[in-house]
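Only one structure is covered here, and it is reproduced in the block below.
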Amino acid sequence: MRILVTGGCGFIGSHLVDRLVEEGYKVRVYDLLEPQVHLGKRPSYLRRDTEYIFADIRDRDKLKKALKGVDVVFHQASQVGVGQSMYEIRKYVEHNSLGTAVLLDLIVNTKNKVKKLIVASSMSIYGEGAYSCKKDGIVYPLLREETQLKKRDWEMRCPKCKRKVEALPTSEDKPLFPTSIYAVTKRSQEEMCLAVGRAYKIPVVALRYFNVYGPRQSLSNPYTGVAAIFLSRVKNNRAPLIFEDGRQSRDFIYVSDIVEANILAMKKKEADFDFFNVGRGKPCTILDIAQTIISLYRKGLEPKILNKFRAGDIRHCYADTRKISKKLGFKPKVSFKEGMKKLINWSETQEAFD
Ligand code: UD1
């Protein structure tokens with residue numbers, strides 16, 4: 001069986017490629033080698049036993065060639081900076097949404113034997129997570145108002161009665177509320193793939209990744225996630241800078257668990273034409289992350305709580321993992337501490353520009 005991984009030189013895609021090769025599949029990688037991520041170099045982890053096509057996802061002719069003889073496509077290629085997507089709007093929409101449209105157009109309109117497509121979606125499409133209000137039950141607040149944040153009143157409030165609410169696991173049926181262009185394009189990727197898959201009876205699976213971390217994550221790209229940002233700072237003897245009060249939380253999942261979810265999505269028929277959260281289902285505060293990294297590095301640093309907010313940030317979102325666990329038997333294996341240790345061990349061999 002031949003598998004195409006778009007974005008297969010990236011952080012998540014490259015781990016997926018390793019696993020697919022280990023399992024004996026023939027793998028072809030299609031990747032742009034984005035200069036902001038790869039700094040103009042080929043990453044050292046590229047493999048000799050894998051075919052590489054270095055090209056843009058919007059390049060119809062090259063992508064058409066890449067699809068030759070392919071049975072399964074993992075579509076991982078995307079521009080990934082949330083903040084950057086708010087000023088490079090056209091670039092993000094072109095690569096992520098139009099790029100996906102080119103891929104789907106080829107699958108539908110040219111001779112090929114693609115039998116399954118797995119697309120990388122994101123928790124960012126939810127916006128805020130789900131919350132519980134003592135009076136109004138389950139509620140889905142939108143982003144906090146600036147007037148609230150200016151008073152350093154960080155926790156979420158019920159959209160109906162304005163009482164403080166508590167975070168709940170966010171399930172797949174929470175209404176979507178993307179708050180960045182990146183998130184809008186992730187939603188479009190997921191919805192386009194599922195719509196085309198359902199119409200043409202090509203099994204499609206969308207995996208909504210929560211906050212992924214692990215080796216090969218860019219340590220110098222300012223648009224990378226908080227774990228890599230803190231790691232670069234601590235490594236360079238600088239205190240992690242914490243927005244708000246540090247009690248905001250996320251669901252951090254180690255990259256090998258994300259790979260496992262992709263493999264299950266490919267192998268299990270139960271996944272077809274459906275979308276799934278991929279998280280650990282356990283919230284972790286940003287302050288905890290900073291402290292874990294500092295203690296694993298054995299540095300005498302104190303996280304610096306800024307009491308400032310980053311525009312567009314959500315307060316809490318963690319996965320309700322019941323659907324993926326029940327339908328695909330997915331169980332994340334790597335604890336946060338274990339995963340951070342692995343990330344730190346790897347980072348010792350890397351240069352990290354804070
Ligand atoms: C966003 C995206 C997610 C993407 C991730 C990494 C949304 C809702 N989610 O997640 O899809 O995978 O970016 O690109 O858009 N923080 C600090 N100090 C820092 C950096 C961050 O305190 O130096 C805090 C932020 O304020 C935030 C939390 O850490 O509360 C997490 O930030 P980040 O890692 O950027 O991820 P998300 O915003 O969850």
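The values are calculated or read from the model by the stated rules, or taken from the named source; none is laboratory data. Remember, predicted model here, so these are calculated numbers, not experimental data. So basically every Cβ, Gly included, is an ideal-geometry build from the backbone, and we count neighbours across all protein chains shown. To get the accessible areas, we keep the full protein, side chains included, count just its heavy atoms, and leave off ligands, DNA and RNA. Shrake-Rupley method; radii C 1.70, N 1.55, O 1.52, S 1.80 Å.
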Of 258, 287, 300, which is farthest on the positive side of the dipole of the range 239-354, counting Cα position, with +1 on Lys and Arg Cβ, -1 on Asp and Glu Cβ, and the Cα centre as origin? 258
In what sequence, highest mean first, do 74-80, 153-159 appear when ranked by Cβ atoms within 10 angstrom? 74-80, 153-159
Mean-square fluctuation check for the chain, GNM, Cα pairs under 10 Å: which of 133, 193, 161 is largest? 161
Using alpha carbons only, what's the Rg to Rh ratio of the range 62-119 with Rh from Kirkwood? 1.05
Chain lengthening between residue 337 and residue 243 when straightened (0.36 nm per residue, less Cα-Cα): 31.6 nm
Mean residue ellipticity at 222 nm from the helices of the chain, using -39,500 (n - 2.57) per DSSP H segment of n ≥ 4 over the full residue count, to the nearest 500 deg cm²/dmol? -9500 deg cm²/dmol
Alpha-carbon centroids, the range 158-212 and the range 2-48: separation in whole Å: 26 Å
Treating only the Cβ of Lys, Arg, Asp and Glu as charged (+1, +1, -1, -1), what charge dipole size does the range 96-156 show about its Cα centre? Round to the nearest 20 debye. 360 debye
Rank-order 65-71, 28-34 by packing density, defined as the average count of other C-beta atoms within 10 Å over each peptide's residues, highest first. 28-34, 65-71
If R0 is 22 Å, what FRET efficiency do you get for residue 313 and residue 351 from their C-beta distance, rounded to 0.05? 0.20
Need one number: the % of Cα-Cα pairs in the range 76-215 sitting beyond the 27 Å mark. 34 percent
Return the aspartates and glutamates within reach of residue 327: Cα separation strictly under 18 angstrom, same-chain partners fewer than 8 residues apart disregarded; answer none if there are no such residues. 172, 173, 257, 260, 270, 272, 274
With the chain treated as a Gaussian network of Cα nodes joined by springs under 10 Å, which of 215, 35, 303 yields the largest mean-square fluctuation? 35
Could you work out what % of the accessible surface of the range 250-310 is carbon and sulfur, using a 1.4 angstrom probe and leaving DNA, RNA and ligands out of the count? 49 percent
Greater than 20 Å apart at Cα, pairs in 135/160; 26/115; 162/282; 235/282; 26/186: 162/282; 235/282; 26/186
Relative contact order [Cα under 8 Å, 6+ residues apart], the range 1-106, whole percent: 32 percent
Under a point spin-label approximation (7 Å from Cα along Cα-to-Cβ), what is the residue 162-residue 62 distance to one decimal in nm? 5.5 nm
Largest first, how would 62, 91 line up by accessible area (1.4 Å probe)? 62, 91
Signed unit charges on C-beta, dipole axis of the chain, positive-most listed residue 120, 168, 99: 168
Residue 200-residue 176 FRET efficiency (beta carbon distance; Förster radius 22 Å; 0.05 resolution): 0.40
Which lysines have a Cα lying under 19 Å from the Cα of residue 111, excluding residues fewer than 8 positions away in the same chain? 62, 64, 65, 68, 201
Over 27 Å (Cα to Cα) among 91/267; 174/331; 164/341 -> 91/267; 164/341
With the other protein chains left in place, how much accessible area per residue, in square angstrom, belongs to the range 283-331 at a 1.4 angstrom probe? 56 Å²
The range 272-326-the range 89-131 distance, computed between alpha-carbon centres (Å): 25 Å
In debye, nearest 20, what is the charge dipole magnitude of the chain about its Cα centre with +1 on Lys and Arg Cβ and -1 on Asp and Glu Cβ, if you could check? 440 debye
In whole percent, what relative contact order does the chain give with Cα contacts below 8 Å and a gap of six or more residues? 18 percent
Quick check: pseudo-label points 7 Å beyond the Cα along Cα→Cβ at residue 138 and residue 325, how many nm apart are they? 1.6 nm
Extending each Cα 7 Å along its Cβ direction at residue 41 and residue 273, get the distance between those two points in nm, one decimal. 4.8 nm
Given 0.36 nm per residue, what is the gain on full extension from residue 288 to residue 51 after removing their alpha carbon distance, in nm? 81.2 nm
So which residue, out of 48, 280, 152, gets the largest mean-square fluctuation from a GNM of the chain using Cα contacts under 10 Å as springs? 48
Can you give the three extents of the C-alpha atoms in the range 156-314 along their principal axes, from longest to shortest, in whole Å? 57, 44, 26
Projecting the Cα atoms of 237, 336, 76 onto the charge dipole of the chain, where Lys and Arg contribute +1 and Asp and Glu -1 at Cβ, the residue farthest towards the positive end is 336
